[in-house]
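The values are calculated or read from the model by the stated rules, or taken from the named source; none is laboratory data. Owing to the predicted nature of the structure, the values given are computational and were not obtained by experimental measurement. A quick note on method: Cβ atoms are made from the backbone with ideal geometry, for glycine too, and the neighbour counts reach across all protein chains shown.
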Amino acid sequence: MAVVVMGVVNVTPDSFSDGGRWADTDAAVAHARQLVAEGADIVDVGGESTRPGATRPLVSEELDRVVPVIEALAADGTRVSVDTMRAEVAAAAVAAGAAWVNDVSGGLADPAMLATVAATDATYVAMHWRAHSDRMQDFTSYPRGVLDVVDELRDRIEAARTAGIGAERLVVDPGIGFAKTAATNWEVLARLDELAVLGHRVLVGVSRKSFLGALLADPDGTPRPPLGRDLASHAVTLALLDRPCLWGVRVHDVLGTRDVLSAWERVKR
Ligand code: PMM
């Protein structure tokens, strides 16, 4: 089956990859429409930056950022995901037309999240997460490597199922860049298929992340800025396409990702 492409729309002043570029409703909607025209299967609208060290917006700010964008896109007939850790935002987003809730905390940040999603028919993405962005780099120990990620995701799946979210509505994500060193990110990618034991669709987001900036750093150690990380992002996507467990990718450059998928599929044929 073709890999699902989720296009990122950050309606934030401070996301590491594209912060401030689509910070108002009109710019965000226009950008999302462009991603759909470029071939995004779903657009992921977020109002809270999760970059390392980020401080959290007020709930009201997050709602003001995402709800009008979701309403406009849902009215187009576009499949929309909301990227939020907050139950209140998830509920408002689904009421505004979002079909997916992408929770980078896998239900850990807000105790009301799983029950709130259970009461909708939204698809739920449970990402591997350990702490909010201001503290997550204090939690980067993985004695068993990817197996720790698998075990912690299994706990989140069980919590989601117990709350009443059906298995068919669940997607898991190893949370590349969240409470992980660069070495751990590379290890999780190398051993991605170990997530297959969980029995769920696997979404992966590597696009423009810091470990790629470090890989591509100048000789003096200056990281490559986010907008210069797309080719490396695509190379990782390409390297993952042969992995049986990969179901979808979350990316900023949808056009480039579609090019990679088209060429790869043609070669395979
Ligand atoms: N990464 C970011 C935000 N949301 N959601 C999922 N499911 N997976 C991810 O890897 C992920 C995410 C951070 O990246 P951004 O600031 O570019 O959106």
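Of note:
- Restricting attention to segment 27-63 and to residues that are away from the ligand (no atom under 16 Å from the Cβ) and either within 15 Å of residue 6 (Cβ to Cβ) or polar (S, T, N, Q) (or both), the residue that is farthest from the chain's Cα centre (by Cα) turns out to be 60.
- The requirement of being within 18 Å of the chain's Cα centre (by Cα), within 16 Å of the ligand (Cβ to nearest atom) and of a type outside the set (A, V, I, L, M, F, W, C) is satisfied by residue 177.
- You will find that of 194, 168, 152, 158, the residue that is surrounded by 13 or more Cβ atoms within 10 Å (Cβ to Cβ), more than 16 Å from the ligand (Cβ to nearest atom) and at pLDDT 95 or above is 194 and no other.
- Set 14, 24: member being within 13 Å of the ligand (Cβ to nearest atom) and of a type in the set (Asp, Glu): 14
- The one condition in (1) within 16 Å of the ligand (Cβ to nearest atom); (2) among the aromatic types (Phe, Trp, Tyr); (3) buried (at least 17 other Cβ atoms within 10 Å of the Cβ) that residue 186 fails to fulfil: (3)
- Any hit, segment 135-143, residues being within 16 Å of the ligand (Cβ to nearest atom), in contact with a helix residue (DSSP H, G or I) (Cβ under 8 Å, 6 or more places away or on another chain) and hydrophobic (A, V, I, L, M, F, W, C): no
- Restricting attention to segment 95-113, the residues being in contact with a Ser or Thr (Cβ under 8 Å, 6 or more places away or on another chain) and among the aliphatic types (A, V, I, L, M) number 5.
- Filtering 138, 121 for residues that are closer than 23 Å to residue 54 by Cα and among the acidic types (Asp, Glu) leaves a single hit, 138.
- The helices (runs of 4 or more DSSP H) falling completely within segment 165-269 that include 1 or more residues that are touching a helix residue (DSSP H, G or I) at 6+ places or on another chain (Cβ under 6 Å) and under 15 Å from residue 6 (Cα atoms) map to 230-240, 254-268.
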